[in-house]
Structures are given as C-alpha cells and as structure tokens.
Amino acid sequence: MNGGIRGRYLALLCLLPFAVFFVIFQVAPLAWVAINSLQSEAGWGIDNFSKVFASKFYRQALQRSLEISFWSSVFGIVIATLGAYSLRQVDSKLRDFVSAFANMTSNFAGVPLAFAFIILLGFNGALTLLLKQVGLLEDFSIYSKSGLILVYTYFQIPLGVLLLYPAFDALREDWRESAALLGANHWQFWRHIGLPVLAPALLGTFVILLANALGAYATVYALTTGNFNVLPIRIAGLVAGDISLDPNLASALAMVLVGLMTLVTVVHQWLLKRSYHAR
C-alpha cells in the first residue's frame, strides 16, 4: 500500500516540471491574450470583438484564412491518405526512405519554402516560364489565394502522411480477405470497413492540419511581404505597429482564432462519439 502511494507521488513529482512548463508557456500566455482582448480605450468590454466583426477588412481576413486553411487541409489529407496507404504496399527500403523524406519536408516551411516556390512558380519562376511556353499556364499567380492554397497544401502533405501512416496498422489483411469471400468489392470494403475504421484518425489529422494552416505566418508573410489579408498577418501588423499599434485588438483577433479551433475540436469530438456509438 505504502509502495503504491509512494509510486503515485513519485509520478506526480516527475510530472511537475511538465505542468510548470505547460502553465508558463501555454496557459499564462493564453490567459494574458484573453484578458487583453477585453481591454480597449473605452475600458473593459467586447469593443475589440465588435470592431473585428464590424470591419469588412477583418472579416475578409477571417474568410480568407478559413478558405485557405480548409481547402489546403482537404487537399492535404486526401493526398496524405493516398500516400500513407501506398507506403503500406511498397518495399520496406522505399518505405523508410519516403518516411524519412516526409519527416524532413514536414519541417520545410516558412521563409525557405516561400523562397523555393518563388524560384519555381513566381512571375519569372523556372516552372512558370516553362509551363507558359507549352501553353499549360496563363494567369496563375503564386501570390494569390489559389497560389497560397497550393503552398499550404505542400507543407500539409508530409505532416498528414506522418500522422496517418500508423493508422493503417489498424486495418487487418484478413478483413479484406473475409470481405472478398463474402462478395464485397474494393469500394464496398473501403466504404463499410476501411473508412469507418480510419475515421477517427482522419478526423484527428484534419483538425491538426487545419490548426497548422490557420496559425501559419512565416510562409505567407515571406511570400506576399505581408500584403495578403489573413488573420496571422493582421495580428502581427497590429502588434508590430507597421500601420497602427493596437495589441488589444490583436489579442481579440487571436481569440477569434482560438475560438475557431475550439469549435473545430468540439465538432471533432462530437463526430468521434457518433462514430463510436455507430459501431
């Protein structure tokens, strides 16, 4: 009995540094942002949030952030799912190489990624000039919303592959064989067995990709020099005072991002519970 209590206290003691780290670097900054979001020149209240949702400029930033994050996450998870499934079917050496490459490219973001895409797909990029010469590219711009979706999708794919690859361990080969013996074709297997089993992993990965895209700052800033209207750019501008200095309004914008991710997480948990009850 005493040994069990001693082991429990030892476990709590080992957890203490992580708890302190979590409070200092996660809880405290979030609390500080939440408190400052409620402060304005008029005093305490929701004036900053009213200003955010009353402004077409900030609503446009919110809309563009959601569009880019959603579509890059959708494209990223579709390609990552196909890639993770394909990795299960190839030789182990090739699988290890691709996994290592995905691990490396998942950290290739920010300024280096933006610079690489400018060289390839900028107005005078090597790939842009080549595609224009063969007539496959006309008015595409890497600095537009569609261009940013392409760039975001690029850094979403390796992360999605790394997160989804272990999930395919849950699919047993004898399930496929049993389904085939019962007359199920390839599509029916994935519809009734494969996708339901993978649903929690797919939903969880989608939420992570969405959060990854919503909070991305360095890539879009380096690519557009801060001229594209998305929430991270607006938050940074209000904090740095490039145009106007208003950290309280920046805190309100940050809390809008937190609220969006909270909503997505709640919906994700609700869908997970429904999938478990459906089983």
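The values are calculated or read from the model by the stated rules, or taken from the named source; none is laboratory data. In this text, all values refer to a predicted model and were calculated from it rather than measured experimentally. With ideal geometry, Cβ positions are generated from the backbone for all residues, glycine too; neighbour counts draw on all protein chains shown. Please note that ligands, DNA and RNA were not included when accessible areas were found on the heavy atoms of the full protein model with its side chains. Shrake-Rupley method; radii C 1.70, N 1.55, O 1.52, S 1.80 Å.
Summary of computed values
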{"item": "Failed item, numbered, when residue 167 is tested on (1) under 26 Å from residue 264 (Cβ atoms); (2) open to solvent by 30 Å² or more (accessible area, probe 1.4 Å)", "result": "(2)"}
{"item": "Matching option when the condition is in the same structural domain as residue 149 (by the TED database), assigned to a helix (DSSP H, G or I) and buried (at least 18 other Cβ atoms within 10 Å of the Cβ), among 251, 178", "result": "251"}
{"item": "Hits in the range 25-55 - residues which are over 20 Å from residue 259 (Cβ atoms) and either open to solvent by less than 90 Å² (accessible area, probe 1.4 Å) or of a type in the set (D, E, K, R) (or both)", "result": "41, 42, 43"}
{"item": "Residue count, the range 116-126 (criterion: at pLDDT 85 or above and loosely packed, with under 14 Cβ neighbours inside 10 Å)", "result": "2"}
{"item": "Only listed residue being in contact with a helix residue (DSSP H, G or I) (Cβ under 6 Å, 6 or more places away or on another chain) and either assigned to a helix (DSSP H, G or I) or open to solvent by 20 Å² or more (accessible area, probe 1.4 Å) (or both), chosen from 142, 157, 208", "result": "157"}
{"item": "Number of the exception - residue 81 against (1) farther than 22 Å from residue 215 by Cβ; (2) assigned by the TED database to the domain that holds residue 216; (3) open to solvent by less than 70 Å² (accessible area, probe 1.4 Å); (4) modelled with pLDDT under 85", "result": "(4)"}
{"item": "Test: residue 229 is within 24 Å of residue 258 (Cβ to Cβ), of a type outside the set (Lys, Arg), assigned by the TED database to the domain that holds residue 145 and not in a helix (DSSP H, G or I)", "result": "yes"}
{"item": "Pair list, Cβ < 6 Å and 6+ apart or interchain, from the range 161-181 residues that are without any contact (Cβ under 8 Å) to a residue 24 or more places away in the chain and small (Gly, Ala, Ser) to residues that are open to solvent by less than 60 Å² (accessible area, probe 1.4 Å) and part of a helix (DSSP H, G or I)", "result": "179/189"}
{"item": "Selection status of residue 66, in contact (Cβ under 8 Å) with a residue 12 or more places away in the chain and either assigned by the TED database to the domain that holds residue 255 or open to solvent by 40 Å² or more (accessible area, probe 1.4 Å) (or both)", "result": "yes"}
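Matching residues to (1) within 29 Å of residue 62 (Cβ to Cβ); (2) among the aliphatic types (A, V, I, L, M); (3) modelled with pLDDT of 85 or more:
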site: 1; (1), (2), (3): no, yes, no
site: 4; (1), (2), (3): no, no, no
site: 8; (1), (2), (3): no, no, no
site: 12; (1), (2), (3): no, yes, no
site: 28; (1), (2), (3): yes, yes, yes
site: 42; (1), (2), (3): yes, yes, no
site: 47; (1), (2), (3): yes, no, yes
